């Protein structure tokens with residue numbers, strides 16, 4: 001009845017023990033039940049850090065976590081194809097998208113991999129992984145199948161990552177990054193291009209806590225194309241990185257250059273010229289402002305609207321006793337602002 005799988009068979013010595021048995025059964029059900037993924041077809045490539053800063057135990061945890069992610073998808077030649085590579089100071093091929101067409105074969109290879117050690121050259125790895133998304137290596141990019149890259153790393157790159165990441169995203173590849181421990185958040189954001197695709201945990205033991213969130217994010221369907229833009233509209237959001245403050249002062253207290261240049265900047269960006277837009281209507285620019293605390297909490301928020309001197313005066317005279325920082329929390333806050341408040345063609 002259980003299909004010869006002993007993990008699905010449960011025994012108890014008495015009826016009272018049934019009261020606690022449900023916990024074990026629930027865990028098994030959660031492990032074997034896959035939620036419906038909006039991306040029924042996808043090419044999914046993993047890029048794993050095998051540098052020397054990762055100890056053997058954590059490396060094993062990372063491999064197990066990767067197999068758990070694989071098990072969340074319907075792996076087959078027609079549905080989800082999986083590829084994988086490792087990196088440290090050098091790039092190491094493991095298997096292409098057309099090598100294995102079953103979870104069992106994919107996971108067997110992953111669990112058998114060994115760690116070489118070395119440095120952390122993420123830029124080199126991103127540049128090298130681009131070849132995995134070619135048709136000769138199993139990619140179905142030309143057929144319009146979703147292309148996805150999942151990077152897992154524990155450290156800051158020893159080379160530049162921005163150009164290589166931009167090249168991947170320019171090909172239509174959606175990049176996800178999982179950072180573990182003391183990672184460079186802004187560098188990972190350069191790689192993903194959006195905070196929604198960036199995940200961080202304090203240690204390898206916490207990876208399991210984000211598994212469901214990672215799968216859900218990968219599974220989201222791409223934004224549909226609504227067709228050509230008839231007229232141009234631009235939403236511009238302004239944030240403030242002011243780490244040195246006068247206690248109890250207003251936003252521009254002690255910052256004469258900000259007081260002088262902010263109105264000039266707002267006026268300048270409110271009249272953007274030279275955009276390639278269809279339609280004959282003039283470009284419409286809306287400006288919003290948001291003050292974000294170090295932990296990402298919104299302190300003050302102004303919605304998108306046309307340039308207004310009155311609104312600008314309110315912003316400049318806001319009371320703000322705490323410093324503000326340009327960090328991942330701020331970027332995520334602005335990502336949420338654009339997602340929920342912006343209706344413009346350009347952001």
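Summary table below
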read-out	value
Candidates 50, 56 - the one that is touching a residue at least 40 places away in the same chain (Cβ under 8 Å) and within 22 Å of the chain's Cα centre (by Cα)	50
Residue in the stretch 88-98 that is surrounded by fewer than 22 Cβ atoms within 10 Å (Cβ to Cβ), more than 28 Å from residue 158 (Cα to Cα) and assigned by TED's automatic domain parsing to the domain that holds residue 150 present	yes
Any hit, the stretch 330-343, residues being in the same structural domain as residue 255 (by TED's automatic domain parsing) and closer than 18 Å to residue 254 by Cα	no
Given (1) at pLDDT below 80; (2) buried (at least 16 other Cβ atoms within 10 Å of the Cβ), index of the condition residue 343 fails	(2)
Residue list for the stretch 35-47, filter: in contact with a helix residue (DSSP H, G or I) (Cβ under 9 Å, 6 or more places away or on another chain) and either without any contact (Cβ under 8 Å) to a residue 60 or more places away in the chain or farther than 29 Å from residue 135 by Cβ (or both)	35, 36
Within the stretch 131-155, tally of residues that are loosely packed, with under 15 Cβ neighbours inside 10 Å and in contact with a helix residue (DSSP H, G or I) (Cβ under 7 Å, 6 or more places away or on another chain)	3
Subset of the stretch 99-123 that is out of contact with any strand residue (DSSP E or B) (no Cβ under 9 Å at 6 or more places or on another chain) and in contact (Cβ under 8 Å) with a residue 60 or more places away in the chain - its residue that is surrounded by the fewest Cβ atoms within 10 Å (Cβ to Cβ)	117
All positions within the stretch 190-214 that are in a helix (DSSP H, G or I) and either out of contact with any helix residue (DSSP H, G or I) (no Cβ under 6 Å at 6 or more places or on another chain) or not assigned by TED's automatic domain parsing to the domain that holds residue 120 (or both)	192, 196, 197, 205, 206, 208, 209, 210, 212, 213, 214
Yes/no for residue 126 being free of Cβ contacts under 8 Å to residues at least 40 places away in the same chain and buried (at least 16 other Cβ atoms within 10 Å of the Cβ)	no
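The values are calculated or read from the model by the stated rules, or taken from the named source; none is laboratory data. Owing to the predicted nature of the structure, the values given are computational and were not obtained by experimental measurement. A quick note on method: Cβ atoms are made from the backbone with ideal geometry, for glycine too, and the neighbour counts reach across all protein chains shown.
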